[in-house]
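The values are calculated or read from the model by the stated rules, or taken from the named source; none is laboratory data. What you see is a predicted model, and the numbers here were worked out from it, not measured in a lab. Don't worry about glycine lacking a Cβ; one is built from the backbone with ideal geometry, like all the others, and counts go over all protein chains shown.
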Amino acid sequence: MQFVERKAIPTSQELLTAHGIHPILARLWASRGVTSIDEANLELKSLIPPNELKNCFDAAKYLADAFVARKHILIIADYDCDGATACAVGILGLEELGQSFGVKINFLVPNRFTMGYGLTPEVVILASEQVPKPDILITVDNGIASVAGVALANQLGMEVLVTDHHLPGDELPQATHIVNPNQPGDTFKSKALAGVGVMFYVLLALRTELRERGIFDQQTQPRLEKLLDFVALGTVADVAQLDRNNRILVSAGIRRIRHGQMHPGIEALFDVSGRESQKSNTFDLGFGLGPRLNAAGRLADMSLGIRCLISEDRYQAKKLAQELDKMNRERRDIEGNMKETALDNLAEYPHEHLYSLSLFDTSWHQGVIGILASRLKEKYHRPVIIFAPAEEKTADGQMILKGSGRSISGFHLRDALDYISKKHPAMIQKFGGHAMAAGLSIEYRHLDDFREAFEGIAQAWIDENNLHRKLVHDGDLPMEMINPEMAAQLSNEVWGQGFPEPIFIGEFKVLKQTLLKDKHLKLELAPVDGATQKPLLGIWFGHTDPLPAKIHLAYRLLVDHFLGYPRAQLHIEAAYLP
């Protein structure tokens with residue numbers, strides 16, 4: 001592992017410090033691209049306005065007209081956390097904005113195992129059979145690649161409003177309107193909006209449109225900020241880049257959660273995950289709530305998660321959250337068995353020379369392959385695609401495989417799949433995704449050829465140096481700053497993808513080390529210079545090997561509440577000898 005220090009721009013750091021920002025935070029922000037005090041301002045009024053998002057106000061006028069015409073609207077959701085929260089935002093927001101028109105919004109979540117991703121023709125047919133038949137389909141967190149589905153919807157007399165954030169293919173669907181910051185010709189400055197963020201922006205524009213039509217005024221208009229707990233959860237769980245605009249949305253959502261201003265479903269998810277909402281942060285959203293909501297889409301039906309989110313009854317929300325928690329425990333068991341099989345498979349053939357990994361096993365669950373791909377990508381620091389058998393087969397009975405991939409920095413996964421599909425037109429049935437995550441379907445008979453093609457493009461596009469894991473850190477933290485107050489201050493900030501949580505390094509004496517539950521290394525530490533008398537507490541999750549008496553550690557600084565008292569704790573990320 002290579003250790004690389006993240007460097008702050010001195011002038012930015014000095015400027016932030018001069019404006020009263022704590023010197024440690026000033027250094028951290030300056031090393032993450034914050035160059036002015038204005039960029040550090042995360043107030044909602046600093047959001048990029050909706051009129052800069054292409055087609056956003058056209059979509060708003062279209063929806064306002066639909067309210068007046070009493071048209072039936074059906075939301076087509078995606079089956080992950082971003083899709084579920086976007087659906088919840090759409091349902092609750094549209095119903096409140098359209099309350100004077102008697103608007104009621106229904107939703108439909110495709111079965112990921114039988115209908116595939118997005119607005120497929122199968123989903124459109126199912127939508128057309130709903131009672132009442134919808135006049136308008138609104139896609140959330142999907143639709144930009146649904147060329148055939150939108151065409152069929154148009155043919156069946158249903159109009160489509162696409163709200164999405166994924167990268168478009170070569171052809172756009174013939175939807176009535178498309179709202180997507182990543183569509184051609186959109187100059188919106190935040191390309192990192194998650195699907196839930198796009199839907200929230202449409203609601204902001206719709207509120208403005210209805211206000212201009214005299215439906216309500218500034219005092220009587222619906223308070224859409226009530227939906228920001230959903231926006232924060234979906235944005236963080238989808239690992240969206242936390243540029244300034246997304247940090248504004250997430251920060252506002254977390255503030256509401258900490259003040260108890262959250263929906264019963266969010267409150268219930270905090271409860272079943274054993275986390276305290278009043279001390280919540282992005283880590284809680286991404287690793288506590290997100291996986292429990294995603295479990296429904298991975299193993300069963302995401303409509304369970306959406307019903308939990310939109311429930312207004314605390315008892316019902318708690319019951320649904322408990323079901324989600326049970327599913328998540330089942331998902332963890334499945335994932336553990338799959339990982340064990342994957343490691344056994346890798347042990348059977350040499351893979352050290354490979355630039356990529358493409359693995360398949362007939363026993364694997366297609367709802368969990370994305371998590372396994374992520375785990376193996378972290379372990380081997382290579383692009384990984386995991387395949388599992390799909391529900392459907394080809395017309396002649398051949399097995400179809402569903403694949404889910406995760407990538408490393410510098411290797412654009414969706415572009416790689418696009419390149420392969422153009423070079424080998426018959427190999428990939430369909431694909432889509434982002435730079436770091438993508439999905440695809442292939443026939444089983446093409447698996448070996450795909451592995452060869454994927455490895456070939458990985459070797460062509462990846463510099464060998466990028467296959468070595470790098471730990472980017474923030475340098476030393478003065479020993480006097482390793483305290484509960486600094487840990488709490490850091491915990492209160494919005495960290496995440498593109499704005500990473502700080503990792504510090506330092507040299508320590510190991511005073512005591514014991515195993516916790518036979519799985520984690522629990523440590524008592526002291527600085528080598530003996531500057532503090534109280535031992536510092538540390539824990540290294542998933543690590544059992546003992547450390548030498550003196551060691552350099554890379555760590556995150558967190559607050560541990562022991563017997564109700566806050567204390568600083570070092571969460572170890574890596575250890576090294578100089």
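Annotation for the range 72-93: no member residue is part of a helix (DSSP H, G or I), over 27 Å from the mean Cα position of the chain (by Cα) and outside the structural domain of Ser441 (by TED's automatic domain parsing).
Listed by first and then second residue, the pairs linking a residue in the range 151-168 that is in the same structural domain as Ser190 (by TED's automatic domain parsing) to a residue that is outside any loop (DSSP other than H, G, I, E, B) and among the hydroxyl-bearing types (Ser, Thr, Tyr), with Cβ atoms under 6 Å apart and 6 or more places separating them unless they lie on different chains, are Leu156/Ser128; Val162/Thr139.
Of all residues in the range 101-130, those satisfying the criterion of being of a type in the set (S, T, N, Q) and at pLDDT 95 or above are Asn106, Ser128, Gln130.
The set of residues in the range 464-482 that are surrounded by 17 or more Cβ atoms within 10 Å (Cβ to Cβ) and not in a helix (DSSP H, G or I) comprises His473, Asp474, Leu477, Ile482. Considering Gly116, Gly98, the condition of being closer than 21 Å to Asp217 by Cα and either in contact with a Ser or Thr (Cβ under 6 Å, 6 or more places away or on another chain) or in the same structural domain as Pro173 (by TED's automatic domain parsing) (or both) is satisfied by Gly98 alone.
Considering each of Arg307, Arg292, Arg256 in turn, give the residue that is of a type outside the set (A, V, I, L, M, F, W, C), closer than 17 Å to Val236 by Cβ, assigned by TED's automatic domain parsing to the domain that holds Val140 and more than 19 Å from the chain's Cα centre (by Cα). Even if it seems obvious, please write down each step before you answer.
Working: Arg307 fails: closer than 17 Å to Val236 by Cβ; Arg292 fails: more than 19 Å from the chain's Cα centre (by Cα).
Criteria check complete, one pass: Arg256.
Quick one: His543 ticks every box in (1) in contact (Cβ under 8 Å) with a residue 24 or more places away in the chain; (2) within 25 Å of Pro500 (Cβ to Cβ); (3) loosely packed, with under 15 Cβ neighbours inside 10 Å except a single one, so which number is it? Of everything listed in (1) in contact (Cβ under 8 Å) with a residue 24 or more places away in the chain; (2) within 25 Å of Pro500 (Cβ to Cβ); (3) loosely packed, with under 15 Cβ neighbours inside 10 Å, His543 misses just condition (3). Taking only the range 375-401 into account, find how many residues are surrounded by fewer than 20 Cβ atoms within 10 Å (Cβ to Cβ) and touching a residue at least 60 places away in the same chain (Cβ under 8 Å). Residues that pass the stated criteria total 3. Here the condition is being over 32 Å from the mean Cα position of the chain (by Cα) and modelled with pLDDT of 90 or more; of Thr514, Thr532, it holds for Thr514 alone. The selection criterion, being more than 30 Å from Ile408 (Cα to Cα), of a type in the set (Val, Ile, Thr) and in contact (Cβ under 8 Å) with a residue 40 or more places away in the chain, does not hold for Val472.
Just need a number here: residues in the range 516-546 that are outside any strand (DSSP E or B) and under 22 Å from Val472 (Cα atoms). Spell out the reasoning first.
Step one: filter the range 516-546 for residues outside any strand (DSSP E or B), giving 517-519, 528-535, 541-546.
Within this subset, residues satisfying the condition of being under 22 Å from Val472 (Cα atoms) are 541-543.
Of the residues in the range 516-546, 3 are outside any strand (DSSP E or B) and under 22 Å from Val472 (Cα atoms).
For Ser441, the criteria (1) farther than 19 Å from Arg332 by Cα; (2) in a loop (DSSP other than H, G, I, E, B); (3) of a type in the set (Gly, Ala, Ser) hold in every case but one, which is (2).
For (1) in contact with a helix residue (DSSP H, G or I) (Cβ under 7 Å, 6 or more places away or on another chain); (2) under 30 Å from Thr187 (Cα atoms), each residue gets a yes or a no:
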{"site": "Gln2", "(1), (2)": "no, no"}
{"site": "His19", "(1), (2)": "yes, no"}
{"site": "Val34", "(1), (2)": "yes, yes"}
{"site": "Leu44", "(1), (2)": "yes, yes"}
{"site": "Phe57", "(1), (2)": "yes, yes"}
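Can you confirm whether Leu563 is aliphatic (A, V, I, L, M) and on the phi > 0 side of the Ramachandran plot?
Numbers: aliphatic (A, V, I, L, M): yes; on the phi > 0 side of the Ramachandran plot: yes.
Yes.
For the range 34-59, the set of residues classified as closer than 24 Å to Ile254 by Cα, in a helix (DSSP H, G or I) and touching a residue at least 12 places away in the same chain (Cβ under 8 Å) consists of Ile37, Glu39, Ala40, Leu44, Ser46, Pro50, listed by residue number. For beta carbons closer than 9 Å, sequence separation of 6+ or different chains, a first residue in the range 243-262 that is at negative phi and surrounded by fewer than 18 Cβ atoms within 10 Å (Cβ to Cβ) and a second that is assigned to a helix (DSSP H, G or I) and small (Gly, Ala, Ser), the qualifying pairs are Arg258/Ser277. For residues that are more than 17 Å from Thr163 (Cβ to Cβ) and of a type in the set (Ser, Thr, Tyr), scanning just the range 32-81, find the one that is modelled with the highest pLDDT. Step by step, filter the range 32-81, then rank; the result is Ser46. When you go through (1) surrounded by 15 or more Cβ atoms within 10 Å (Cβ to Cβ); (2) part of a strand (DSSP E or B) one by one for Leu511, which number turns out not to apply? Tallying (1) surrounded by 15 or more Cβ atoms within 10 Å (Cβ to Cβ); (2) part of a strand (DSSP E or B), Leu511 fails exactly one: (1). For residues that are among the small types (Gly, Ala, Ser) and not in a loop (DSSP other than H, G, I, E, B), scanning just the range 107-137, find the one that is surrounded by the fewest Cβ atoms within 10 Å (Cβ to Cβ). The selected residue is Ser128.
Going through the range 231-265 one residue at a time, which ones are more than 22 Å from Asp38 (Cα to Cα), of a type outside the set (D, E, K, R), in a helix (DSSP H, G or I) and out of contact with any Leu (no Cβ under 7 Å at 6 or more places or on another chain)? Within the range 231-265, Gly234, Ile257, Pro264 qualify. Looking for whichever is acidic (Asp, Glu), over 17 Å from Cys56 (Cβ atoms) and out of contact with any helix residue (DSSP H, G or I) (no Cβ under 9 Å at 6 or more places or on another chain) here; the options are Asp229, Asp243, Asp238, Asp217. Which one fits? None of the others qualify; the one that does is Asp243.
Check the range 46-64 and report whether any residue there is closer than 24 Å to Asn492 by Cβ, basic (Lys, Arg) and over 26 Å from the mean Cα position of the chain (by Cα). Checking the range 46-64: not a single residue is closer than 24 Å to Asn492 by Cβ, basic (Lys, Arg) and over 26 Å from the mean Cα position of the chain (by Cα).
Would you please name the residue that is surrounded by the most Cβ atoms within 10 Å (Cβ to Cβ), looking only at residues in the range 347-372 that are charged (D, E, K, R) and within 16 Å of Val384 (Cα to Cα)?
Asp361
Check whether at least one residue in the range 329-346 is touching a Ser or Thr at 6+ places or on another chain (Cβ under 9 Å), surrounded by 17 or more Cβ atoms within 10 Å (Cβ to Cβ) and closer than 20 Å to Leu299 by Cα, and report yes or no.
Among the residues of the range 329-346, at least one is touching a Ser or Thr at 6+ places or on another chain (Cβ under 9 Å), surrounded by 17 or more Cβ atoms within 10 Å (Cβ to Cβ) and closer than 20 Å to Leu299 by Cα, which makes the answer yes.
Would you be able to say whether some residue in the range 171-189 is within 28 Å of Tyr62 (Cα to Cα), of a type in the set (D, E, K, R) and surrounded by fewer than 16 Cβ atoms within 10 Å (Cβ to Cβ)? Break it down stepwise before answering.
At the first step, the residues of the range 171-189 found to be within 28 Å of Tyr62 (Cα to Cα) are 171-189.
This time we only want the ones that are of a type in the set (D, E, K, R), so: 171, 186, 189.
Those still in the list that are surrounded by fewer than 16 Cβ atoms within 10 Å (Cβ to Cβ) too: 171, 189.
Checking the range 171-189: at least one residue is within 28 Å of Tyr62 (Cα to Cα), of a type in the set (D, E, K, R) and surrounded by fewer than 16 Cβ atoms within 10 Å (Cβ to Cβ).
Looking only at the range 435-446, filter to residues that are in contact with a Ser or Thr (Cβ under 9 Å, 6 or more places away or on another chain) and surrounded by 18 or more Cβ atoms within 10 Å (Cβ to Cβ); which one of those is farthest from Phe360 (Cα to Cα)? Among those that are in contact with a Ser or Thr (Cβ under 9 Å, 6 or more places away or on another chain) and surrounded by 18 or more Cβ atoms within 10 Å (Cβ to Cβ), it is Met436.
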